Each structure stands twice: as C-alpha cells, then as structure tokens.
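The values are calculated or read from the model by the stated rules, or taken from the named source; none is laboratory data. As the structure is a prediction and not an experimental result, all values here were calculated from the model. Backbone-built Cβ (ideal geometry, glycine too); neighbour counts: all protein chains shown. Side chains are part of the model used for accessible areas, which takes the heavy atoms of the whole protein and leaves out ligands, DNA and RNA. Shrake-Rupley method; radii C 1.70, N 1.55, O 1.52, S 1.80 Å.
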Amino acid sequence: MYCKLTLLVHITSAALATTQVLRIHVESEDHIQALKELEEDVDSVLDFWSHGFSTERPIDIRVPHTNLSAVKDFLKKNNVPFTVMINNVQELLEREKAEMVSNAKMERSTKSFNFAAYHDLETLYSFMDTLVASHPNLITKVHIGNSYENRPMYALKFSTGGVSRPAIWVDAGIHSREWVTQASAIASNYGVDPSVTSLLGQMDIYLMIVTNPDGYVFTHTNNRMWRKTRSVNSGSSCRGVDPNRNWDAGFGGPGASKDPCSESYHGPYANSEVEVKNVVDLIMGHGNFKSFISIHSYSQLLMYPYGYTCTDIPDKSELHSVGTAAIKELTSLYNTIYQVGSICKIIYQASGGSIDWTYNIGIKYSFAFELRDTGYYGFLLPANQIIPTAEETWLGLKYIMEYVCNHPY
Amino acid sequence: MLCAHWSRLRRVSSRSCCATALRSTHSSTRLSSSPERIMKTFCSVWLLLSVVELSPAQEPPLACRGAAGPAPPQPETAEDMASTGDLEPTHYPARRAAQVALHYLNTRHGSPFRVFGLQQVHKASAEDVEAGGRKYKLDFSVTDWASGSAGPALRCSADVLFPRTERHSAPDVKLRCEALQQINRTVQEEEAFYQKHIPPDSAVSARDIPDSYGNMSEEMQPFWRLARVAASFIMLRESSENTEFNMVQMASVTQQESSEEQLMLEFVVLLHDLPSQEIVQWKLLASWSPDRGVRVLQTEWQPRCPHATKPPN
C-alpha cells in the first residue's frame, strides 16, 4: 500500500479530490466475470489495488471522481455488493506522508535507529548514509550497480586504508523474504566491537545488506513470501529468477528448476540476473577477496561448498573444523544450536549457488549461514529476535574472519 | 470457469489457453450465457492486446494459475545420497525422516498449548524394503517448541516408511516417545480455552498470523498452534524423502458453528517446502476439544497466483 500511495502523490491534488476506493465483496463467478470485464475495459482509468479475483477476499479499486457514478451503476446493475472504503484518497495520502516524514526524522541519527525492528528499503538505505556520515574514516558506500528495476545496490566497505587489501565479503538478503538476514546485517553495526580493530588493520570488510532490493521492496508491497529477483522472464508470465541458482557453478544442474514459475528457477543462463552480475564483477574486479560469506534464513546451519554436487571439496576438513569452531562461538551466547556441513549433504543439492562459484575461483573460505529459526516462525521471525540473532551470528562471523586473517594464502 | 481453464493448462501460454476457451464457446449450440459472453469479450480483448503487445511485461491472467494439484517435489537426482545403512544424523535424509515422525507426533499429541519441534537426531539408519520403499529407523529428541531448546527434551524412536508407488502415498510412521504421559499436560489452559470459545456466540476470525513482522498476539497463539497441528496432518500426508515441510503462516482462521461439542475451525495455512522452496497453500476444516484432540475433516489445496498481491491492509 505504501508503494502504491507514493506513486499517487504525483497525481495532482485536484484530480484526487473525492477519488474513492471501493471495496468489492465478490460472492459468485458472475461477480468475478463482471469485475474482469471492468478491468479489461481499456478506456477506464480504474486502479485495481488487488488482483487475483476470488470469493475469498474483497477487491479494492481506486475510482477517479469522473468515473464514480458509471462504475457504481455498473456494479449495482450486476448485483455486485460494494462499500466505500476510502472516502477521500487525498486526505489519507496527506496523513500517511506526514507520518513517514516524522518517522524518517526520528531514524536519522544512528543512536535512534531501531535495530529491533524490520524496516523498508528506503529506511535501510538512509541508515547506511547515516553510518557513512558518522564514520567517514572507516566506512564508505560502494555503488556496485543497479538492480533489474533500477534500484541502486550498495555495499558498505569497512577499511582503515591500504590499497586493495585482502578482503572479506558478507552478503544478506539475496533471498528477499529472509528478513532476519537484512535486519541482522544492519544490526551488526550496533556498537563497536574492539576486537575487529586489529582485523581491520590488515583486511577490508564488504557488507552488502540488501543484495536483492527489488525483491525486498516486493515483500513489503505485495507478497511477503517473495524470494527471487523481479526480472521479466521472456515467454512466461511468471517473474523472477532465484539469485542463488544463477551463479556459474554447475549452472542448470540438479537442484535448480528450469520452470520460470518455480521458486528455484535458475534463469536463462549464468549471471543473467544483474544483481548477481554486479557482485561477480565487483569480486572479479577487486581480485583480492579471501573469504565470501552469504547469509540466509531459516534452518540454523553453517554450510560450506559444494551445493551442486555432494563430492567433498579438497579443503573439506579445514572448512568443516572452522565451521564447527565458529558455531561453538555462536552457540555460546544463547544456546542456539546450529549444524555444520556441506550444502549438498546438510540441506539439499542445489546448483548455481554463490559460494560454489566463489570457492571454484579460489576464495577458499566460502561459507553460507542459515539463521534462526528451525521452522517455528520460519521467515516470519519476530522482531524481538533480531538483536539476539545478530549478536550470536556476529560471534560466528567474527571467528571466521579472524581465522581468515590469521591464515593468509 | 475461467480459473478451471487456466489451472488445467498450466504450462500452455495464456494466449493459446484463451484461444481454446474461445473455441469452446463458439462450438456451443446453445445461446451463449452472460458469463460466456463476458469471457468471450474478455478473451477477444486480451488476444487483441497481446497481439499489439502494449506492454513488454504481461502480467498473468488474473484467474489463478496453478497446477492441477499440488506440484510434486523435484525428483531425486542421480547424485542420490547414500541413504541406505547408517546415516549421518545431521544430514538431510535423517532430518527429513525425523520431521515426518514429528508431524505424526503432533497429529497425535499436539494441542492449542503444545506443538513439538525437533531438537536433535541422535542416530539414524535406512534400508530398502521388499515391497519397494525405504524404511528409516530414527533415534531423536523433541521439545515443546514454545519452550525452545531450553525446555525438557523427550527422547523418541521411530520407524518411518516411505513407500515407492507410482502416485504419491503417505509415509507410514511407528513412534515411541518415552515419558510422553509424564510431560506436563496443559489441562487447565486447554479447558479454559475450550470454555471460552465453545459458546455459540464465539466467532473468532483473523488473518496473517503471524504478520509480516512476526507479530502474534497472546490471544492468537492457541489458534496458531491448532493450525500448526492441523497442518501436520497435511504435511504428514504429503511428505516424501524429497520434501521437508514447515508451516510458515496461518493465513486465516474462521470459527465455524460448533458441532458435537467440538470447536470447528476453518484454516488457510501456508506451508513451506525446503528443498523446492515453494510456498503451498491449503484450506482445511478441523475440530478440536480437550477430550478428542485435533481432527482434520476436510483439506483443499489452493492454487496460488504467481504474483499474488494482497489487498492493502
């Protein structure tokens, strides 16, 4: 609703005066047909706020003033019951805008940013700016490219200097419905951990908080369970590619779907998704990443390659012991139990995954986390678990980073 | 009617589906009825638009587009994990079988105040059986999910048989948990909850529990748990070695008129299958009372529009 209303702000106030939103209570197939006829009428300027007509839920239509009586007559003639839901859209917009402005003001300072809450993209992005502004000698915002729908993609670079120092990459939110990952990533900036200082004397850290911004926005505006990108698939009415099946490692193999409507659709070819391509280009262009860590939810697992095959990697025992030790640190805080293993063995075979690609190009310390929980709330993890999740995850991440720092290669 | 056409022709492009619909109305010798005329108009306009290609990204037809039934999970790959003999307890074959045993446990012992979750698999093994199927033997611990890993753990053992049939059939579970009778039965809470909602004027209804932000009120918790227990019947039935189900949301609950002193609840639940990452929607009717426990009376798979948009809250 927020997204829709933002678009409406650009329409002149006069046109919005006495625009109404009608709520239609569909009760039969005949009603559904009538509504479809209405929606398909290309001369109308009706704005349908909901799609997928069914008798299960009401349908809302924003009707401009000039069309109001015609539309109401049509509905009455077809015996379609309706109620006037919003009598005056303009008034609602003003109120909503005022509230957003005041919220934005409140969140402007780092001290008042509410880490124990889920935020929309705009708020996360503006907090990133606040972080950069308050730590100019440590943090810079790197614009790595734009998403499919042309939203900027930003990574935060933590660096105390040097030129192209060995670096560690951490990304969150590549699957947009895994909200605790973006929230934990941004909450990892809560407080300053002094032990990271020595690490930052030798290495840089890149933190990508929202790796799939289009998907993230969609989970706020339309479908909380959206996972993929929002790219258009030619020849299909289904959108989106699973960004973690789109990397060039066993691409198109078992564990990914060739059906564009599937949640694990791999896309037409490797790196077809601009979101993936942007990260690939940054990693390749930089040339000195020593670790790549991707954060997902849920299941409480710490995994290493491969996903595309169950064959062990050459570095399996080292990565397994690093993972086991990292998990020990994580568990020490709140007793949250994690398991360690390769993707293929511990969760499922999955081809075209990011950490398989990074491992194959020589980034030895490639890991993937699946954060809380184990299925009780799943993707809908309550906000009061964000900070504990972030805190325990940070301990695990820190262990890995320190290990990487102490084992240059 | 339109919905039925779309759902039957899952992979056929919308254009040819529409053409089929047009052909079938043309061939009718009766005077076309109002819905048929509307559909004909709709189809003609739609075909015209798609020819003209007004917009590059055609959203799907608004009717639900879905398979003829729940999408079968991805077939197991050539790289099958050696799921015979002793199994690694932390790996997925053992865990999936344990989850199936958990679903079974919840159907039998779940309530508005108790839902069990898997704590840990201790030992697991699997073997092929003569009738053509695979039997898993499991040794695992469960906890009352609400108390988390802090709560007391119950030790269980189970035999889970996944049959190998042409069409999917439900796994068979034999389960033993020690001290099941001794765990604190939540009798008082159950009775109070029952008394509160059995009167004829009780008409509970709610949507999206928890909401997008994971919020769930105290009042809604027992309904959510009931949904989870009822969903366990479905998850148990639909499980195979290639699935791993969880309930991610109670999309809605609508109390129906009580019958035979049972609370009657209609749920719509969203299930998540881990291996395929698909979200599957089911509508179901369940009854509950402290004496009889949860019974599921009807289930109905619901096709989801690929771009399901929610009405503004």
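The table for this structure:
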read-out	value
By average C-beta atoms within 10 angstrom, highest first, the peptides A:271-278, A:27-34	A:271-278, A:27-34
Between helix A:29-40 and chain A: long-axis angle, C-alpha atoms, 0 to 90°, nearest 10	80 degrees
Exposure ranking of A:Tyr125, A:Tyr334 by accessible area [1.4 Å probe, largest first]	A:Tyr334, A:Tyr125
DSSP beta bridge pairing in segment A:270-409, given as percent antiparallel to the nearest 5	20 percent
Note, ³J(HN,Hα) from phi for segment A:141-146, Karplus 6.51, -1.76, 1.60, rounded to Hz, x at Gly and Pro	9, 9, 8, 8, x, 10
Under the Karplus curve 6.51 cos²θ - 1.76 cosθ + 1.60, θ = phi - 60°, whole-Hz ³J(HN,Hα) for segment A:396-409, x wherever Gly or Pro sits	x, 4, 4, 4, 4, 4, 5, 4, 4, 4, 7, 10, x, 8
Rounded accessible area of B:Arg207 (nearest 10 Å², 1.4 Å probe)	120 Å²
Helix A:68-77 axis, angle to chain A major axis (alpha carbon atoms, nearest 10°)	80 degrees
Largest to smallest accessible area among A:Thr324, A:Thr389, A:Thr123 [probe 1.4 Å]	A:Thr324, A:Thr123, A:Thr389
Shielding score for B:270-276, defined as the mean number of other chain Cβ atoms within 10 Å	5
For residues of A:346-358, the mean tally of beta carbons on other chains within 10 Å	3
Amide proton proximity set for A:Gly145, modelled H, under 5 Å, gap of 5+	A:Met153
C-alpha long axis of helix A:316-334 to longest principal axis of chain A, angle in °	60 degrees
Antiparallel DSSP beta bridges within chain A, percent to nearest 5	50 percent
Listed residues A:Ser264, A:Ser188 arranged by accessible area, highest first, probe 1.4 Å	A:Ser188, A:Ser264
Packing rank of A:208-214, A:137-143, B:104-110, where each peptide gets the mean count of other beta carbons within 10 Å, highest leading	A:208-214, B:104-110, A:137-143
Residue mean of other protein chain beta carbons inside 10 Å, A:235-246	3
Above-threshold pairs, the threshold being 28 Å between Cα atoms, out of A:Lys77/B:Lys283; A:Lys157/A:Lys277; A:Lys228/B:Lys135; A:Lys36/A:Lys277; A:Lys258/B:Lys123; B:Lys137/B:Lys283	A:Lys77/B:Lys283; A:Lys228/B:Lys135; A:Lys36/A:Lys277; A:Lys258/B:Lys123; B:Lys137/B:Lys283
Computed accessible area, A:Asp281, all protein chains, 1.4 angstrom probe, square angstrom	70 Å²
Fraction of beta bridges assigned by DSSP in segment A:148-306 that are antiparallel (%, nearest 5)	25 percent
Once the Cα gyration tensor of chain A is diagonalised, semi-axes √(5λ) in Å	44, 25, 19
